[in-house]
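Structure first, commentary second.
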Amino acid sequence: MKKVLYAGSFYPFTDGHKAVVERALKVFGKVVIAVMVNSDKFIPESTEERAEAVKKLYAGNPDVEVVWDNGYTADLARKLGADYLVRGVRDAFDFGYETKIAAFNFQRTGINTFYFLADEKHKNVSSTKVRQRSCT
């Protein structure tokens, strides 16, 4: 069974994120979800609070572990013994952004990144849009 790391700021953790976890479980068997700090985003909830919310979603699922960290994803992946990194991609813009991050992570650790393309019902799901809808 391979262990993969799925990292993000997850503010909030959306149905699109859940879909990536479900698909990764089918392929790899074990997923570690890492709730991370993103200094480019203002997030009023602490990393620990966001991680606790995700832990509640997967309580009782032994194949999903939830952690939080404030360092580089690649370093956490190496520390946890992850075989791969996993990312969700909605469109070409996401792919361009994600390939830069994947290249950095690979150069730093030699760990490859696998992409899951969003299905049609999740192509327009983003944490930003979910937050905007909850404010209206």
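Observations on the structure shown:
- Note that segment 16-56, at 10 °C in a medium of 1.306 mPa s, gets a Stokes-Einstein diffusion coefficient of 136 µm²/s from its Kirkwood radius over C-alpha pairs.
- The residues packed around V35, meaning those with a beta-carbon under 13 Å from its beta-carbon, carry a net charge of -2 if Lys and Arg are +1 and Asp and Glu are -1.
- Near-label residues of segment 1-18 by backbone N, under 19 Å of a point 7 Å along Cα→Cβ of K79: 3-10
- Electrostatic bookkeeping for A82 treats Lys and Arg as +1 and Asp and Glu as -1; over the other residues with beta carbon under 10 Å from its beta carbon, the sum is +4.
- Distance between the pseudo-spin-label points of D15 and N112 (7 Å out from Cα toward the beta carbon): 3.2 nm.
- Charge context of A102, other residues only, Cβ under 13 angstrom, K/R +1, D/E -1: +1
- Solvent-accessible surface of the chain, taken per residue with a 1.4 Å probe and all protein chains present: 60 Å².
- For the chain: rounded, prolate or oblate by the Cα gyration tensor [a/c cutoff 1.5]: rounded
- Spacing of the two label points (7 Å from each Cα toward its C-beta) at K100 and L57, in nm: 2.6 nm
The values are calculated or read from the model by the stated rules, or taken from the named source; none is laboratory data. As the structure is a computational prediction, the values presented were derived from the model and not from experiment. All Cβ positions, glycine included, derive from the backbone under ideal geometry; neighbour counts span all protein chains shown. What goes into the accessible areas is simple: the full protein's heavy atoms, side chains included, and nothing from ligands, DNA or RNA. Shrake-Rupley method; radii C 1.70, N 1.55, O 1.52, S 1.80 Å.
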